[in-house]
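Student: Right, I'll just put the structure down here and ask away after.
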Amino acid sequence: MKRAASTFVTCAITGSVHTPTMSAALPITPEQIAAESIEAAQAGAAILHLHARDPESGYPTPDPEVFLRFLPDIKARTDAVVNITTGGSSRMTVDERLAAAKRFEPELATCNMGSMNFVFSGAARGIKTWTYPWEREFVLGSEDVIFANTFRQIERTMKELGECGTRFEFECYDVGHLYTLAHFVDRKVVQPPFLVQCIFGVLGGIGADHANLIHMLTTADKLFGDDYYFSAFAAGRHQMPFITQSALNGGHVRVGLEDSLFIAKGEIAESNAEQVRKAVRILSEMGRPIASPQEVREMLGLKGKENVAF
Ligand code: KMH
Ligand code: ZN
């Protein structure tokens, strides 16, 4: 992996997995997403990973017009690198998933490196009454939905977004996804330096065992050598132990309510910024300086916020 003098923090603000009933802290409206993003950037997040939601119901939406209700504010009020999802939700079409990133040409977008089961029915545990009619089926129905990322979809994402200078957070949920990325690297579809985001504890992906982080890191080192930056996160209760292990191994970190609603065992996080502040404390105790958005741009070869289309 590429070693860096400082560590960057990504914050994933809302996502498409958690639903409003699960936590009142989950940002839903454009105003809430903007406010949470600005606060997370002020707390030390250099990269903001963004999804959009229907403002009335909280249902994940791919609609670029909803993204447009928060992107300009975030750009005006922070220097953070904006990272727009191409994952959207497992129930969206590929055209829907690509729409916002194609429209707004962000500095970063995600690229999900393999089809998989992506099951989060466990998040329904203990919920008897749902706020919105869509939530229960959306969560329980994840047991029968494939998160599709075929090679054709991956190549289309890389090419159509690469053309506008967008670079990628490569989402790797298992060891095989690293080899898929290596396939596209070998074909020169994407250029280094790569941001390889290793994801642990998603049911359907590699488990949140710390030995698995070392295995993913070792495999990525073998495949990408000095051409990549390692980052990692884990879903739910594993979030903070895995960012700690990533940093201890010279990697970067991702937090945010998209992937965990907690700040500690059994304690619901009040905000994205609360998780960012905790990550910053952990890194600071390790003596790891926090990277600024400008440092991240230099590390990842990003085009600059003046070159986005929002
Ligand atoms: N929610 C993460 C496990 C994307 O948005 O493209 C995966 C993710 C993918 O953030
Ligand atoms: Zn996401």
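The values are calculated or read from the model by the stated rules, or taken from the named source; none is laboratory data. Given the structure is predicted, the values throughout are model-derived calculations rather than measurements. Note that each Cβ is placed from the backbone with ideal geometry, even for glycine, and that neighbours are counted across all protein chains shown. Please note that ligands, DNA and RNA were not included when accessible areas were found on the heavy atoms of the full protein model with its side chains. Shrake-Rupley method; radii C 1.70, N 1.55, O 1.52, S 1.80 Å.
Student: Picking from 167, 187, which residue would you name as being open to solvent by 10 Å² or more (accessible area, probe 1.4 Å) and closer than 29 Å to residue 275 by Cα? Write out each step before concluding.
Tutor: Details: 187 fails: closer than 29 Å to residue 275 by Cα.
Of 167, 187, the one residue that is open to solvent by 10 Å² or more (accessible area, probe 1.4 Å) and closer than 29 Å to residue 275 by Cα is 167.
Student: Let me ask something else. Using the structure shown, decide if residue 101 is within 12 Å of ligand 2 (Cβ to nearest atom), open to solvent by less than 10 Å² (accessible area, probe 1.4 Å) and in a helix (DSSP H, G or I). Step through it out loud before you land on a result.
Tutor: On the way: within 12 Å of ligand 2 (Cβ to nearest atom): yes; open to solvent by less than 10 Å² (accessible area, probe 1.4 Å): yes; in a helix (DSSP H, G or I): yes.
Yes, satisfied.
Student: Can you confirm whether region 246-255 contains a residue that is surrounded by 24 or more Cβ atoms within 10 Å (Cβ to Cβ) and within 14 Å of ligand 2 (Cβ to nearest atom)?
Tutor: yes
Student: Please specify each residue of region 104-138 satisfying the condition of being in a helix (DSSP H, G or I) and more than 19 Å from the chain's Cα centre (by Cα). Give the steps one after another, and end with the answer.
Tutor: Narrowing region 104-138 to residues in a helix (DSSP H, G or I): 104, 121-124, 135-138.
Those that are in a helix (DSSP H, G or I) and more than 19 Å from the chain's Cα centre (by Cα): 121, 122, 124, 135, 136, 137, 138.
Student: Oh, and also: Just to verify a result, which residue in region 156-175, among those that are over 16 Å from residue 213 (Cβ atoms) and part of a helix (DSSP H, G or I), is nearest to ligand 1 (Cβ to nearest atom)?
Tutor: Checking each candidate, the answer is 157.
Student: Keeping to region 2-14, report how many residues are touching a strand residue (DSSP E or B) at 6+ places or on another chain (Cβ under 8 Å), assigned to a loop (DSSP other than H, G, I, E, B) and not aliphatic (A, V, I, L, M). Walk me through it before giving the result.
Tutor: First pass over region 2-14, keeping only residues touching a strand residue (DSSP E or B) at 6+ places or on another chain (Cβ under 8 Å): 2, 4, 6-14.
The next check asks that each one be assigned to a loop (DSSP other than H, G, I, E, B); those that pass are 2, 4, 6, 8, 13-14.
Applying the additional criterion that residues be not aliphatic (A, V, I, L, M) yields 2, 6, 8, 14.
The total comes to 4.
Student: What is the residue count in region 176-224 for residues that are part of a helix (DSSP H, G or I) and either in contact with a Pro (Cβ under 9 Å, 6 or more places away or on another chain) or among the aromatic types (Phe, Trp, Tyr) (or both)?
Tutor: Step one: filter region 176-224 for residues part of a helix (DSSP H, G or I), giving 176-186, 210-224.
Applying the additional criterion that residues be either in contact with a Pro (Cβ under 9 Å, 6 or more places away or on another chain) or among the aromatic types (Phe, Trp, Tyr) (or both) yields 179, 184-185, 210, 224.
Of the residues in that region, 5 qualify.
Student: Can you name the residue in region 218-233 that is of a type in the set (A, V, I, L, M) and in contact with a Cys (Cβ under 9 Å, 6 or more places away or on another chain) and is also farthest from residue 254 (Cα to Cα) among such residues?
Tutor: From region 218-233, those of a type in the set (A, V, I, L, M) are 220, 223, 232; that's our starting set.
Adding the requirement that they be in contact with a Cys (Cβ under 9 Å, 6 or more places away or on another chain) leaves 220, 232.
Working: 220: 18, 232: 6 Å.
Ranking the qualifying residues of region 218-233, first place goes to 220.
Student: Among the residues that make up region 33-47, is at least one of them within 14 Å of ligand 1 (Cβ to nearest atom), open to solvent by less than 30 Å² (accessible area, probe 1.4 Å) and of a type in the set (S, T, N, Q)?
Tutor: no
Student: Tell me which residues, restricted to region 41-67, are within 16 Å of ligand 2 (Cβ to nearest atom), of a type in the set (A, V, I, L, M, F, W, C) and touching a Leu at 6+ places or on another chain (Cβ under 8 Å).
Tutor: 47, 50, 67
Student: Also, quick follow-up: Collect the residues in region 1-32 that are under 24 Å from residue 282 (Cα atoms) and surrounded by fewer than 19 Cβ atoms within 10 Å (Cβ to Cβ), keeping them in residue-number order.
Tutor: Within region 1-32, 2, 3, 4, 5, 6, 25 qualify.
Student: Okay, moving on. Which of the following residues is closer than 23 Å to residue 39 by Cα, more than 16 Å from ligand 2 (Cβ to nearest atom) and buried (at least 19 other Cβ atoms within 10 Å of the Cβ): 264, 208, 273, 234? Walk me through it before giving the result.
Tutor: Working: 264 fails: buried (at least 19 other Cβ atoms within 10 Å of the Cβ); 208 fails: closer than 23 Å to residue 39 by Cα; 234 fails: more than 16 Å from ligand 2 (Cβ to nearest atom).
Checking each option against the conditions leaves just 273.
Student: Mind counting the residues in region 86-96 that are touching a residue at least 40 places away in the same chain (Cβ under 8 Å) and either among the β-branched types (Val, Ile, Thr) or not in a loop (DSSP other than H, G, I, E, B) (or both)? Spell out the reasoning first.
Tutor: To start, the set of residues in region 86-96 that are touching a residue at least 40 places away in the same chain (Cβ under 8 Å) comprises 86-91, 94.
In the following step, the residues that additionally are either among the β-branched types (Val, Ile, Thr) or not in a loop (DSSP other than H, G, I, E, B) (or both) were identified as 86, 94.
The number of residues fulfilling the criteria is 2.
Student: Moving on. Can we say residue 306 is outside any loop (DSSP other than H, G, I, E, B), in contact with a Phe, Trp or Tyr (Cβ under 8 Å, 6 or more places away or on another chain), open to solvent by 10 Å² or more (accessible area, probe 1.4 Å) and farther than 29 Å from residue 59 by Cβ? If you could, list the steps in order and put the result at the bottom.
Tutor: Details: outside any loop (DSSP other than H, G, I, E, B): yes; in contact with a Phe, Trp or Tyr (Cβ under 8 Å, 6 or more places away or on another chain): no; open to solvent by 10 Å² or more (accessible area, probe 1.4 Å): yes; farther than 29 Å from residue 59 by Cβ: yes.
No; evaluated as a whole, the condition is false for this residue.
Student: Further question on the same structure: Within region 104-120, which residues are touching a residue at least 60 places away in the same chain (Cβ under 8 Å), open to solvent by 10 Å² or more (accessible area, probe 1.4 Å) and more than 10 Å from ligand 1 (Cβ to nearest atom)?
Tutor: Correct list: 105, 116, 117, 119.
Student: If you don't mind, another one. Looking for whichever is more than 16 Å from ligand 2 (Cβ to nearest atom) and outside any loop (DSSP other than H, G, I, E, B) here; the options are 74, 38. Which one fits?
Tutor: 38
Student: Looking at residue 63 and the list (1) more than 16 Å from the chain's Cα centre (by Cα); (2) surrounded by 19 or more Cβ atoms within 10 Å (Cβ to Cβ), which single condition is not satisfied?
Tutor: It fails just one condition, (2).
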